[in-house]
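Trainee: Structure in structure tokens, see below.
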Amino acid sequence: MRLNPGLIWTIMRLRLKRVMADRANLIWLVAMPLVFSFIMGELMGNWSSGSSPQFTFIVYGAANGGEQLAEILAPLEDHEDFALVVRDTTASRASIRALLEESRVSGALLVGDGFADSLAAGLTPTVDFFHDSERGSSQRIRGAFEPVFAAAAVRISAQQLVDPAAAADDPGKATAFDVARYDSLVAAPRVRLDAEVLGRSREANLLLTDSRQHSGPSYTLMFILMFLLMGAKDLVQEQKQRTLDRLRLSWASTGDLVLGFFLSGMIVGAFQAVLLLGMNAAIFGIDYGPSPACLVLVMLLFVAVSSAAGLLLGTLSRSGGQADGLGMVLGLGLPALGGLWWPLEIVPPFMQSIGRALPTGQAITIFHDMIGRGWGIAESAPMLLGLTAWLVVLLALAVVFFRRAVNP
Amino acid sequence: MIEIKGLVKKYGSTVAVDNISFSVERGELFGLLGPNGAGKTTTISVLSTLLPATEGAAVVAGCDVAKDADGVRRRIGVVPQEIALYEDLGARDNLNFWGRLYGLSGKDLQRRTEEMLEAVELGEHARQKVSSFSGGMKRRLNLAAGLMHGPEVLFLDEPTVGIDAQARGKILALIRRLNEDGLTVLYTTHYLEEAEQLCDRIGVIDRGKMVALGDKDDLIRQIGDEDTISFLLPPERLDELLTLSTKWDLVGDVEHRRGCARLRVRDTARVLPEIQMWLAGQQLPLDHLEVHRPNLETLYLNLTGRALRE
């Protein structure tokens, strides 16, 4: 198939210009999705438990830690992002791992037997820190804990610079700074942190704490789909008004026309996605998780699926009214079935299965996993492949029917 | 420039174009005349490569429409009957877009766009949205869009439908000017007066068949030089008229329909005063007395038995 990028760009630019020329489109592109995100977010309420912090950072074996551990943990009490839960009892590494993988806690610290005694004896005890590298909540705990721990470790080490004999004679008297000793302490700190990075479990419970973590992405997806499906009537109009014939008579090949229409839909959808996701983050504070690559990929795939669906609908519809009607049915039905109006987690299992087979269900599931589980591309691969399959099928059908429409 | 032989286009069992053949010379303005549904648009669609022919062959500007669609498309301009423009954009934006799709860019595009806007007298309305244009302005812009790339052959499919006489006059004048500049034009219409005014040669198409083809004046001559005289006549006076008419060398019989008598006469100058005198003697009104010279309407009526606008 002969393709001319210049002509494809010309067609794309025209369609973008037409979208922007109609100010009423701004209602569908931006205003409606934001209003729905807000209203539905308010209706569904806050999903976290009361006013308590959202995530749990648990410390096991606190009884072994003595004053030094209390000193380390003090700055983390009453943290705004997570609740610090301190247990005197100890726990096995396996049970701590399980807690993290099931999303029951977002970070854990294990203080081994004899921590305080070892420190007093001049040895170098270790504490074990467990976190999940791909979960936003876990990384927030890590971001808060590591600097606090590093400062404490330096403080504990610095105490060794004090000459014990001089301190006994006169505790307030400064001692000479022993550079060699300081260097040896830095090289071998008195307290060591071992971090264990955990993998994720597919069975892990979803941890969405705010309904806007659902309504933000879901109404973004829904209005992208609706807008691109509504664009189907433009193609019908092109056929009726015979601008499509004029396009066919130009130097643009059928491939140029298909790609021009498809990619212009993608650009409009991508513009809408960036705007809405950005505004949701800025206004409602939605954190889309630790994997920007996954976020970009899922949006690109969903926008492409929506654009291909709009193109297919446009080639199959015989009138603007038919395109509008079918577009509205699909634009409302697919989001409802796919869990954009309400989370799939609350519908019966068989409806969940149907929902996750649809592109809307696949996209919102990926969003939930990114936000609530901290998943990335690898963990979301099955759903991403599902979206890719939808794209291939819809685009192939759109190309076939478009060719038929323009080459009778 | 255009050569068609035995062209047939069928939609299932419906024959839209039935074995038509004609040719158009370079620089000629050829009219394809026929009522709605006669097959004019289908013929243009086949010639412009939008539709494949069922049978027959057609060559446009040296390119076979079946084998070299790209070649044909690069050499032709098409102005469809519909306003094939983006009405939510301005006139200049529309022309820029269509120019780009025909490979124009940069200063060439800019120059050609301004030329075309001036040619169709829309320079002052270049930024205005097409949706706010009158019917005539839209038609003119529609024509300009088909000319952006400087085609060798222009297909015009009823380009004056639905506009007032003044706007039509502007479009016809522009087409004549383009033709005088050397552009080959195939013009379809169901307006006889347009075909008479504009075209050198005419093909009359009816129900997919070419029923007459040739020089406009020759075609009219084929149906004879006889004028038709018509006037109001009560039925009870018809016998009297028939007796009188035996000395007038009529062509065919006297027709009498809906209270109106029609006679085809060879020597109008002699017969007309006699009819006037007779009517006056009979105290019948003279104000509906009409003389019709043979024209394309007569030709079409003669060929198909129907008036063109039926």
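Since every read-out is calculated from the coordinates, none of them should be taken as a lab result. All values derive from a computational prediction rather than experimental measurement. Every residue, glycine as well, gets a Cβ built from its backbone with ideal geometry; the counts of neighbours run over all protein chains shown.
Trainee: If we count every other residue with Cβ under 10 angstrom of B:GLY62's Cβ, Lys/Arg +1 and Asp/Glu -1, where does the sum land? Could you put the intermediate results ahead of the total?
Mentor: Details: positive: B:ARG75; negative: B:GLU3, B:ASP64, B:ASP68, B:GLU152.
It works out to a net charge of -3.
Trainee: Using alpha-carbon pairs under 8 Å, 6+ residues apart, how would you state the relative contact order of chain A in percent? Please list the in-between numbers first.
Mentor: Values: 632 pairs, mean separation 83.7, N = 408.
That works out to 21 percent.
Trainee: What's the center-to-center distance, using Cα atoms, between the range B:66-111 and the range B:1-22 in Å?
Mentor: The two parts, judged by their Cα centres, are 27 Å apart.
Trainee: Sticking with this one: To make sure I understand, if each residue's beta carbon is the centre and we count other beta carbons within 10 Å, what order do B:VAL65, A:VAL148 fall in, fewest to most? All intermediate terms of the calculation are to be shown ahead of the outcome.
Mentor: Working: B:VAL65 25, A:VAL148 16.
Ordered from fewest to most neighbouring Cβ atoms within 10 Å, B:VAL65, A:VAL148 come out as A:VAL148, B:VAL65.
Trainee: Also, quick follow-up: Calculate the all-directions average of the projected area of chain B's alpha-carbon convex hull, and give it in nm². Write down the numbers at each step before the final one.
Mentor: Values: hull surface 77.3 nm².
With the hull built on Cα positions only, its mean projection is 19.3 nm².
Trainee: Next up: Relative contact order for chain B: what percent, with Cα pairs under 8 Å and sequence separation of 6 or more?
Mentor: Numbers: 550 pairs, mean separation 62.7, N = 310.
The normalised contact order for chain B reaches 20 percent.
Trainee: Just counting partner chain Cβ atoms within 10 Å, what average do the residues of peptide B:99-110 show around their Cβ? Working shown, then result.
Mentor: Working: counts 2, 10, 15, 5, 5, 1, 2, 0, 0, 0, 0, 0.
Neighbouring Cβ atoms belonging to other protein chains average 3 per residue here.
Trainee: Using the charge dipole of the protein assembly as shown (Lys, Arg: +1 at Cβ; Asp, Glu: -1 at Cβ; taken about the Cα centre), state which of B:LEU299, A:TRP341, A:PHE262 has its Cα farthest towards the positive end.
Mentor: It is B:LEU299, whose Cα lies furthest towards the positive end.
Trainee: Moving to a separate point now. Once both labels are modelled 7 Å past Cα along the beta-carbon direction, what's the B:ARG266-A:VAL30 spacing in nm?
Mentor: With each label placed 7 Å out from Cα toward Cβ, I get 8.4 nm.
Trainee: Considering all projection directions equally, how large on average is the shadow of the alpha-carbon convex hull of the range B:21-73, in square nanometres?
Mentor: Details: hull surface 16.1 nm².
Taking the Cα atoms of the range B:21-73, their convex hull projects to 4.0 nm² on average.
Trainee: Could you list B:ASP287, B:ASP68, A:ASP22 so that the one with the fewest beta carbons within 10 Å of its beta carbon is first and the one with the most is last?
Mentor: On the way: B:ASP287 7, B:ASP68 17, A:ASP22 11.
Lowest count first: B:ASP287, A:ASP22, B:ASP68.
Trainee: At a 10 Å Cβ-Cβ cut-off, how would you order A:HIS214, B:HIS256, fewest neighbours first?
Mentor: Values: A:HIS214 28, B:HIS256 17.
In order of increasing Cβ crowding within 10 Å: B:HIS256, A:HIS214.
Trainee: With bins 5 Å wide starting at 0, give me the P(r) of the range B:201-253 over every alpha carbon pair, in whole percents.
Mentor: Binned Cα distances yield the sequence 4, 14, 17, 16, 12, 11, 10, 13, 4, 0.
Trainee: log₁₀ I(q)/I(0) of the range B:225-293 at q = 0.15, 0.23 Å⁻¹, via Debye over equal Cα point scatterers, no solvent, to two decimals?
Mentor: Per q value, in the given order, log10 I(q)/I(0) is -0.40, -1.04.
Trainee: So, one more: Quick check: residue separation of B:GLU115 and B:THR243 times 0.36 nm, minus the Cα distance between them. What number comes out in nm? Before the final figure, lay out each step's value.
Mentor: Numbers: separation 128, 0.36 × 128 = 46.08 nm, distance 6.61 nm.
Stretched fully, the B:GLU115-B:THR243 segment lengthens by 39.5 nm.
Trainee: Here's something else I'd like to know. How many angstrom lie between the Cα centre of the range B:229-252 and the Cα centre of the range B:173-206?
Mentor: The two parts, judged by their Cα centres, are 39 Å apart.
Trainee: I would also like to ask the following. Give me the inter-chain shielding for B:88-95: mean count of other chain Cβ atoms within 10 Å, whole number please. Don't skip to the end; give the middle numbers.
Mentor: Values: counts 5, 4, 1, 0, 0, 4, 2, 0.
Taking the mean over all residues of the peptide, I get 2.
Trainee: Let me ask something else about it. Could you give the dipole magnitude of chain A about its Cα centre, charging the beta-carbon of Lys and Arg +1 and that of Asp and Glu -1, in debye to the nearest 20? Present the calculation step by step, with values, prior to reporting the outcome.
Mentor: Numbers: 31 positive and 35 negative charges, 623 e Å.
In debye, rounded to 20, chain A gives about 2980.
Trainee: Another question about this same structure. Quick one: 3J(HN,Hα) in Hz for the range B:24-31, Karplus 6.51/-1.76/1.60 with θ = phi - 60°, rounded, Gly and Pro as x.
Mentor: My calculation for the range B:24-31 gives 10, 7, 4, x, 8, 10, 9, x Hz in order.
Trainee: Do the alpha carbons of any pairs in A:LYS17/B:LYS40; B:LYS5/B:LYS129; A:LYS233/B:LYS40; B:LYS129/B:LYS209; B:LYS107/B:LYS138; B:LYS170/B:LYS216 sit beyond 32 Å of each other, and which pairs? All intermediate terms of the calculation are to be shown ahead of the outcome.
Mentor: Details: A:LYS17/B:LYS40 35 Å; B:LYS5/B:LYS129 43 Å; A:LYS233/B:LYS40 28 Å; B:LYS129/B:LYS209 41 Å; B:LYS107/B:LYS138 25 Å; B:LYS170/B:LYS216 23 Å.
Cα-Cα > 32 Å for A:LYS17/B:LYS40; B:LYS5/B:LYS129; B:LYS129/B:LYS209; rest within.
Trainee: Using a Gaussian network model of chain A with C-alpha springs under 10 Å, which one of A:GLN213, A:GLN239, A:GLN159 is most mobile by mean-square fluctuation?
Mentor: Top of the fluctuation ranking is A:GLN159.
Trainee: Please determine, in degrees from 0 to 90 and to the nearest 10, the orientation of helix A:292-316 with respect to the longest principal axis defined by the Cα atoms of chain A, where the helix direction is its Cα long axis.
Mentor: That helix lies at roughly 10 degrees to the long axis.
Trainee: How do B:293-299, B:6-12 rank on mean C-beta neighbours within 10 Å, highest first?
Mentor: Working: B:293-299: 18.0, B:6-12: 15.1.
Those peptides, ordered most packed to least, come out B:293-299, B:6-12.
Trainee: What does the net charge come to around B:GLU25 if you take all other residues with beta carbon closer than 14 Å to its beta carbon, with K and R at +1 and D and E at -1?
Mentor: Details: positive: B:ARG26, B:ARG201; negative: B:GLU3, B:GLU28, B:GLU152, B:ASP200, B:ASP215.
With Lys, Arg at +1 and Asp, Glu at -1, the neighbours total -3.
Trainee: Sort B:201-212, A:341-352, A:289-300 by the packing proxy (mean of other Cβ within 10 Å over each peptide's residues), most packed first. Each step should come with its number before you reach the end.
Mentor: On the way: B:201-212: 21.2, A:341-352: 14.2, A:289-300: 19.3.
Highest mean packing first, the order is B:201-212, A:289-300, A:341-352.
Trainee: Further question on the same structure: Quick one: helix A:381-406 against the long Cα principal axis of chain A, what's the angle to the nearest 10°, folded into 0 to 90?
Mentor: The answer is roughly 10 degrees.
Trainee: Would you tally the net charge around A:ASP324, using a Cβ to Cβ cut-off of less than 14 Å, leaving A:ASP324 out, and scoring K and R as +1, D and E as -1? Could you put the intermediate results ahead of the total?
Mentor: On the way: positive: A:LYS233, A:LYS240, A:ARG318; negative: A:ASP234.
With Lys, Arg at +1 and Asp, Glu at -1, the net is +2.
Trainee: Partner chain Cβ atoms within 10 Å, averaged over the residues of B:151-160 - can you pull that number for me? Provide the component values of the computation, followed by the final result.
Mentor: Numbers: counts 0, 0, 0, 0, 1, 0, 1, 0, 0, 0.
Counting other chains' Cβ atoms within 10 Å and averaging over B:151-160 gives 0.
Trainee: Within the range A:98-153, list the GluC sites (Glu not before Pro) lying in a DSSP loop whose Cβ has at most 14 other Cβ atoms in a 10 Å radius. All intermediate terms of the calculation are to be shown ahead of the outcome.
Mentor: Details: sites: A:GLU101, A:GLU102, A:GLU134; in loops: A:GLU102, A:GLU134.
Passing sites in the range A:98-153 are A:GLU102.
Trainee: Using just the C-alpha positions of the range A:263-333 as equal point scatterers, what log10 of I(q)/I(0) does the Debye formula give at each q in 0.14, 0.20, 0.21 1/Å?
Mentor: -0.55, -0.89, -0.94
Trainee: When 1/r is averaged over all different Cα pairs and the result inverted, which Kirkwood radius in Å belongs to the protein assembly as shown? Don't skip to the answer; put the middle values down first.
Mentor: Details: mean 1/r = 0.0306 Å⁻¹.
Hydrodynamic radius (Kirkwood, Cα pairs) of the protein assembly as shown is 32.7 Å.
Trainee: What is the Cα centroid distance between the range A:66-90 and the range A:299-323, reported in whole angstrom?
Mentor: About 55 Å separates the Cα centre of the range A:66-90 from the one of the range A:299-323.
Trainee: Let's see if you can work this out: charge +1 on each Lys and Arg Cβ, -1 on each Asp and Glu Cβ, no other charges. What is the dipole magnitude of the protein assembly as shown about its Cα centre, in debye to the nearest 20? Write down the numbers at each step before the final one.
Mentor: Numbers: 70 positive and 82 negative charges, 290 e Å.
Taking the Cα centre of the protein assembly as shown as origin, the dipole is about 1400 debye.
Trainee: Could I ask something else about it? Calculate the dipole size of the range B:1-126 relative to its Cα centre from +1 charges on Lys and Arg beta carbons and -1 charges on Asp and Glu beta carbons; express the result in debye to the nearest 20. Write down the numbers at each step before the final one.
Mentor: Values: 14 positive and 18 negative charges, 94 e Å.
Once rounded to the nearest 20, the dipole reads 460 debye.
Trainee: Still on this structure, please answer the following. Take the alpha carbon atoms of chain A, find their radius of gyration, then divide it by 2.2 N^0.38 Å using N residues; give the quotient.
Mentor: Working: Rg = 28.9 Å, N = 408, 2.2 N^0.38 = 21.6 Å.
Working it through for chain A, the quotient is 1.34.
Trainee: To continue, here is another question. Please state the relative contact order of the range B:79-136 as a whole percent: Cα pairs under 8 Å, 6+ residues apart?
Mentor: Working: 42 pairs, mean separation 29.5, N = 58.
So the answer I get is 51 percent.
Trainee: Now, a different point. What's the extension gain from B:LEU303 to B:TRP278 if we count 0.36 nm per residue and subtract their Cα-Cα distance?
Mentor: On the way: separation 25, 0.36 × 25 = 9.00 nm, distance 3.27 nm.
So the chain would gain 5.7 nm between B:LEU303 and B:TRP278.
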